[in-house]
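Engineer: Attaching a single structure in C-alpha cells format; questions to follow.
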Amino acid sequence: MGRLEQLRDPSSWRRAFVLVRRFRQEPGTANLRRFDPLVEAVRRERAALPGLGEEALLERARSAATADLADDGDLVGLLAVASEVARRRLGLEPFGVQLSAAVSMLRERVVDMATGEGKTLVGFLVAAGLAATGRRVHVLSANDYLAGRDARAGAPLFAAFGLSCAAVVDGMDHAARHAAYRSDVVYATVHQVGFDLLRDRQRPADAQRLVPELDAAVIDEIDAVLLDDAMVPLVLAGDAEPRPEGAPLAGVVAAMTAGVEYEVDGEGRNVSLLEAGIRALEEHFGVDDLYAEDQVGLLTAAHVALHAQALVHRDVHYIVADGQVRLINDARGRVADRQRWPDGLHAAIERKEGIAVTAQAEVLDQMLVETVARGYRVVTGMSGTALEASERLAEDLHLRTGTIPTNRPGIRVDERDRLYLTAERRDAAAAGRVQAAHEAGQPVLIGTASVADSERFAGLLAARGVAAVVLNAKNDAAEAEIIARAGEHGAVTVSTQMAGRGVDIRLGPRAAEAGGLLVLGLGRYDSARLDHQLRGRAGRQGDPGRSVFYTSLDDDVVTEHLIIGLDPRSVDPDGRINDKRFRQVYEHAQRVAEGKLLQLHRTTRRYHTATDQHRRLVLTTREALLADPAALEDYLTRIWPAGSDEPRRWTRPARRSLAVEVALYHLDRAWARHLNLLAELREGIHLRVLGRQDPLEEFNLIATDDFRTLAHEAAAATRDTLAAASEDAATLADLGLRRPSSTWTYMVADNPFGSEADRFFEFIGRALRGDRPPAISYT
Ligand code: ADP
Ligand code: MG
C-alpha cells in the first residue's frame, strides 16, 4: 500500500483517531501504557512457574485469598499464577496483550481490544482475580449461548483457585438459578440478571432472594450492553384482564387506505389521520369529536392501531413464527427472545396479522438495562469497539477506557465505501463483488440491516448461482457452529448484524491464500461504532482480510436523517457516485443519527431517574419488612393511630408472617399502580393535566407526588385488610387477596416510532404551540 493509499485507508484513520484521542487526553480515555511495568513483572514472575509442582501451584492459587489487588506486588503475583494455571488447565498461555488487558481491568479501566484477540481468556483472568480476593463476580455475556460456553471453558481455571463458577441461562428453574447465583463467578446476560432482580422484588415473605447483592461486573462487549441496550426496559408482568376495545377498532383501521384516511410522512416514521379517517372513526364509535377531552383513550388506541398497520412491517420489524409475533431487534438484527412492544401496539399487530391476541400483561415492575449495570459496585469491561464509546462510558458510568494493541500487527484492508444512487444499484454491485470473491475462493461475510434484507440479498446471490448461508440469529447455539465455518474457502454467509457474535471466525485451509475473510456491509448502520464491529470480524490475529461497505442514498441512515438537496456531479454507468461531497454527506447523516440516538438516551434516562430512586426506597422498606422483625412493628405502629392495640395483635410470632405478606402485597400493588400511572403519563394521556410547564419537571412533580400517595395507599390498604382479618385467616387467599398466578418477563423493544419519552416531548411541544397532537393532525 502506498502512503497515499494508507492515508485513505479507514483503518489507519482509526489508528490516527486513537492517537489523537490519547494526545488530547479526551474525556474518558486512559493511557494503559502506565501499566507496562506491571505487565513486565507478571511476565518475569510467571517465567519461573512452569517448574513448580502442581500442589505448590495450587497452594499459591489458594493463597490469593489474602491478596490485595490495590497492591502492585499482590496483583502481579496473582496474575502470574492465573496465567500459569491457564497454560496448564486450559492449554492457553495468555499473550502479553492479554496480561496487559487483565492488569488494566483489575485496575478498573475498560479495555478496547480487537475481535479475535482473546477477550474470553482475559475475562477469566479478571474474574479469577476479583473472585479470589473475595468479590462476587458476574461476567455479563452477550447471549445465553456465550454465557454457557464461557462458564464451561473457564471452570477448570476457577477451580484451581477454589472458586465455583456457573452460568444462568434461560430454562433454569428457581432452584437452579438460586444455586447458580451462589457461585463465586456467574456468567449471565445482563437481561437474566435484571429479570431475576425484578423477580426478587416481588417475592413473598418466605421466599429467598435469587440474586445476592450485586458486587463486581466484568462486561463483555461492554458498549453493546451499556450503549446499544442501555435504554431497553426489562419488564416483569403478571396476568391481567384483557382490554376489550381493541377488536372493533382494528376492523375500522384495517379498512383505511393510505392517502385517503391517513397519510405516512416521508420518513415513514409518523402517520397522521386525515379528515376522512377521523370521520370514519367518529361515525363508527358514535363520537362527536374524536379530539374531545373524554375521547383521549379512543384517540390513543386509534393512533396505535394505525401505527401497527402503516409503520410496523412484517419481516422488517417482526416476523410471524409459530402463530406468534416475534420481534426483530434492529441493533442486533436478531429475532428477540421474549420481547414485546408496549401492550397496545403488540396486540394491534397481532390483530393485524389475524392471530390470537396474547394475554395482556399488567406491568408489575420494570427497570432499564442501564439501571442493572449501575447496581454493581465495581464495573469493568472489554470490547472491540470500546474506544468509540469511551466518552459515553465516562459520562454515564464514570469509566475510563484505554486501547490494547493487537498481539500481531493487523493487516486487514478497510476499503473506502462504495456509494450508489439507489439500493438496487448498490445490491447489484455488491452481489457482483461477492460472486467474484466466491469464485476466487475467498470467504465472504455479508452484514445486512434487517432479516428481510438478508433474505433478499441471499436471493440475489442465488440468482447468480452463489449459495449463501443466511443467519438471522434465531438460534445462537446453532448459528455459532455455522458462523465458525464462515472463514472456509469459498464460504458465503449473509448475516444480520450481530448474528453469531462472540464466535471466532478462523480461516480454513487455502482461505488465507485467497485473501482471507472479506466482510461486506450492505449500508452503514446508525453508528460508526456498529460498522466497525462488523469490520472487526475480518483479519483476526494478524490474518489477511478485507472490509468494505456498499452504500446508497436509499439507505435508512440517509433517508431517515437528511434531505439531500443536490445532485452528484459524476455517476458511473453502474450507478456508483464519484462525488466526494456525497461521501461526506453520507457520513454527516450517520453523525446526525448518532446525535439523535444520544439525545434520546439522555431523555429516556431523565424520565427514569426519579423512578429509580423511588424504587430503591420501596425496596428498602420491602427488604426491612422481610428481614427485620422490628421493622414490622415499626411499620404497623406508624399506620395505626397511636395507642391502638392492633399492631400488637399482628406482631405476635404466630401472626407476624401473614402481616408481612399483607404489607408486601399492598406495597407491590401500589408500586404497580404507580408505574402504570407513569407509563400513561409518558404516553401523553394525561397531557391536559400537565399545563404549560417544562414537561420533565412536570412529570417529576406528578411522579413524586404520586409516590407519596403510594406510601399512604399501601399503609391504608394494609390496615384495612388486617383490621378485617379473622383470627383463623392464615394465607393471603383467606383474606381475599391474590398475587398474579403467573408472571413472565420481557423486554420492551424499541418503539419503531420513537421512545415514549420522545413522543411525549413531541406531544407536549405541539400542545404548547396549540397544534393538534403529533401524527394525528388535519391537513
Ligand atoms: P474475542 O472475544 O476477543 O473476539 P475470543 O476470546 O473469542 O476472542 O478468542 C479468540 C480465539 O483465540 C479463541 O479461539 C481462543 O481460543 C484463542 N485464544 C485466545 N487466547 C489465546 C492464547 N493466549 N493462546 C492461544 N489461543 C488463544
Ligand atoms: Mg468475545
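Engineer: Which whole-number percent is the relative contact order of segment 98-140 (Cα, under 8 Å, 6+ apart)? Walk me through the numbers before you get to the answer.
Structural biologist: Numbers: 29 pairs, mean separation 16.0, N = 43.
Normalised by residue count, the contact order of segment 98-140 is 37 percent.
Engineer: Just to verify a number: what accessible area does GLU221 come out at with the full protein assembly present, 1.4 Å probe, Å² rounded to tens?
Structural biologist: 30 Å²
Engineer: Run the numbers for THR731 and ALA159: contour at 0.36 nm per residue of separation, minus the present Cα-Cα distance, in nm. Provide the component values of the computation, followed by the final result.
Structural biologist: Details: separation 572, 0.36 × 572 = 205.92 nm, distance 4.43 nm.
Result: 201.5 nm gained on full extension.
Engineer: Convert each backbone phi in segment 219-234 into a coupling constant with the Karplus relation 6.51 cos²θ - 1.76 cosθ + 1.60 (shift: θ = phi - 60°), then list the ³J(HN,Hα) values in order as whole Hz, x for Gly and Pro.
Structural biologist: After applying 6.51 cos²θ - 1.76 cosθ + 1.60, I find 9, 6, 6, 4, 5, 5, 6, 8, 10, 5, 9, 3, 9, 6, x, 9 Hz.
Engineer: Also, quick follow-up: Quick one: which residues, 5+ away or cross-chain, put their amide H under 5 Å from the amide H of VAL444? H built at 1.01 Å from N.
Structural biologist: Under 5 Å from the amide H of VAL444: ALA491, VAL492, THR493, LEU518.
Engineer: Calculated FRET efficiency, VAL260 and ASP504, Cβ-Cβ r, R0 60 Å, to nearest 0.05?
Structural biologist: Rounded to the nearest 0.05, the efficiency is 0.65.
Engineer: For the pair ASP72 and GLU108, how long in nm is the line joining their label points, each one 7 Å along Cα→Cβ?
Structural biologist: 1.9 nm
Engineer: Something else: What figure in square angstrom, to the nearest 10, would you give for the accessible area of ILE222 with a 1.4 Å probe?
Structural biologist: Approximately 0 Å² for this residue.
Engineer: If amide H atoms are built 1.01 Å from N in the plane of the peptide, which residues on other chains or at least 5 residues away come under 5 Å of the amide H of ILE219?
Structural biologist: The list, which skips near neighbours in sequence, is LEU140, THR380, GLY381, MET382.
Engineer: With a 1.4 Å probe and all protein chains kept in place, how do GLU261, GLU275 rank by accessible area, largest first?
Structural biologist: From most exposed to least exposed: GLU275, GLU261.
Engineer: Skipping prolines and chain starts, which residues have an amide H placed within reach, meaning under 5 Å, of the one on LEU471, given they are 5 or more residues away or on another chain?
Structural biologist: Those lying under 5 Å, H to H, from LEU471 are VAL494, SER495, THR496.
Engineer: Taking a probe of 1.4 angstrom, what is the accessible area of LEU696 in Å², to the nearest 10?
Structural biologist: About 30 Å², ignoring ligands and nucleic acids.
The values are calculated or read from the model by the stated rules, or taken from the named source; none is laboratory data. As the structure is a computational prediction, the values presented were derived from the model and not from experiment. All Cβ positions, glycine included, derive from the backbone under ideal geometry; neighbour counts span all protein chains shown. For accessibility, only protein heavy atoms count, side chains too; no ligands or nucleic acids. Shrake-Rupley method; radii C 1.70, N 1.55, O 1.52, S 1.80 Å.
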